[in-house]
Amino acid sequence: MTKIHIPTPLRQYAGKQAAVEVKAVTVAEALSGLVSQHPDLRRHLYSEDGKLRAFVNVYLNDEDVRYLQKEATAVGDGDNISIVPSIAGGR
Amino acid sequence: MLKITRKDYESLCHHGEETYPHECCGVLLGQMDGDVRSVAFIARCGNTRIDSPQNRYNIDPRELVRIQREGRERGEDIIGFYHSHPDHPAQWSPTDLAEAHWFGCSYVITCVEKGKAVLTNAFELTGSDENDKKLVDEKIELA
C-alpha cells in the first residue's frame, strides 16, 4: 500500500485523516484512488481541465514528481506521497 | 487565535531582522483545536526567491516535506507560516493572498523597519476554495 499524506487544509475533505492508504502502481493511480475515496478533494487538487493545480506539489518520498515521471511515476508498497500546497508571497 | 510562547514569537521576529533587507520565511508547527492554533515548534526556512528576496518569498516544498515529516515524529502538524516585510507594513498584500493556499492556517507577518522588527500581525486564511479565500485578522496570544 502507498501512503498519501494529506496537508492540514485538505483533511476536512478526507474524513479528517492525516494520511490515506491506497493500492496503486503509479502516482496517477494513487491520486485517483484518493479522490475516489474522498470525492470532495477533487476540486481542491485538480482544475476544471483535469490537471493538477499549479500550486499543488506532489512528492514521492523526497522527490518532486515533476522531476521524475510526473504522474506516471511508479509507486510501491512503503512509498509515501506528500501533497504540498505551495507557500509563497511577499509585499 | 494563535497561541505562541514569547520565546518563539521573538525568534520569528529576530529571523526577519537577520535576513533584512530580504524577506525571511518559516513554518509554524503545533496543534489545532477548533479556531485555536498553538505553536510548539518554529522551523526556519530558506527563501528560494533569490531573484527578488527583498519583496518575495517562497519555501521549497522539498524543505516543507522534511519539516512536515519531522513534525509528525513529534506529534505536530503544520499550523501556519511566517515571513517578514522589510520596510513595509505588517499587513498581507495581494501577492500574499494570491499565493496562500493553506486554509485554516495562520499567516504571520512581521514589519522590519531599518533592520528592527517593529510590528507582527497574524492572519487566518479562511474560505472554502480559491474563489472565496480571505486573510482575516487573527489575535496573537503570547504564553
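The values are calculated or read from the model by the stated rules, or taken from the named source; none is laboratory data. All figures in this text were calculated on a predicted structure; none of them were measured in a lab. FYI the Cβ positions are ideal-geometry reconstructions off the backbone, even for glycines, and counts take in every protein chain you see.
Restrict the check to region B:109-131 and report whether at least one residue is facing chain A (nearest Cβ under 8 Å), closer than 19 Å to B:C45 by Cα and in contact with a strand residue (DSSP E or B) (Cβ under 7 Å, 6 or more places away or on another chain). There is no residue in region B:109-131 that is facing chain A (nearest Cβ under 8 Å), closer than 19 Å to B:C45 by Cα and in contact with a strand residue (DSSP E or B) (Cβ under 7 Å, 6 or more places away or on another chain).
Filtering region A:48-65 to residues that are more than 14 Å from the chain's Cα centre (by Cα) and within 12 Å of chain B (Cβ to nearest Cβ) leaves only A:E48. More than 10 Å from chain A (Cβ to nearest Cβ), in contact (Cβ under 8 Å) with a residue 12 or more places away in the chain and surrounded by 20 or more Cβ atoms within 10 Å (Cβ to Cβ): does that describe B:Y20? Criteria not met by B:Y20.
Here the strands (runs of 3 or more DSSP E) wholly within region B:53-143 that include at least 2 residues being surrounded by 15 or more Cβ atoms within 10 Å (Cβ to Cβ) are B:57-59, B:77-86, B:106-113, B:116-126, B:134-138.
Yes/no per residue for (1) crowded, with 20+ Cβ neighbours inside 10 Å; (2) under 12 Å from the mean Cα position of the chain (by Cα); (3) of a type in the set (S, T, N, Q):
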| site | (1), (2), (3) |
| --- | --- |
| A:K3 | no, yes, no |
| A:G15 | no, no, no |
| A:L34 | yes, yes, no |
| A:P39 | no, no, no |
| A:L45 | no, yes, no |
| A:A74 | no, no, no |
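Within region A:66-86, no residue that is at the interface with another protein chain (Cβ under 10 Å from one of its Cβ atoms) and at pLDDT below 95 sits with its Cβ atom under 6 Å from a residue that is surrounded by fewer than 20 Cβ atoms within 10 Å (Cβ to Cβ) and not in a loop (DSSP other than H, G, I, E, B) at 6+ positions apart or across chains. Scanning region B:14-52 for residues that are among the hydroxyl-bearing types (S, T, Y) and outside any loop (DSSP other than H, G, I, E, B) turns up B:T19, B:S38.
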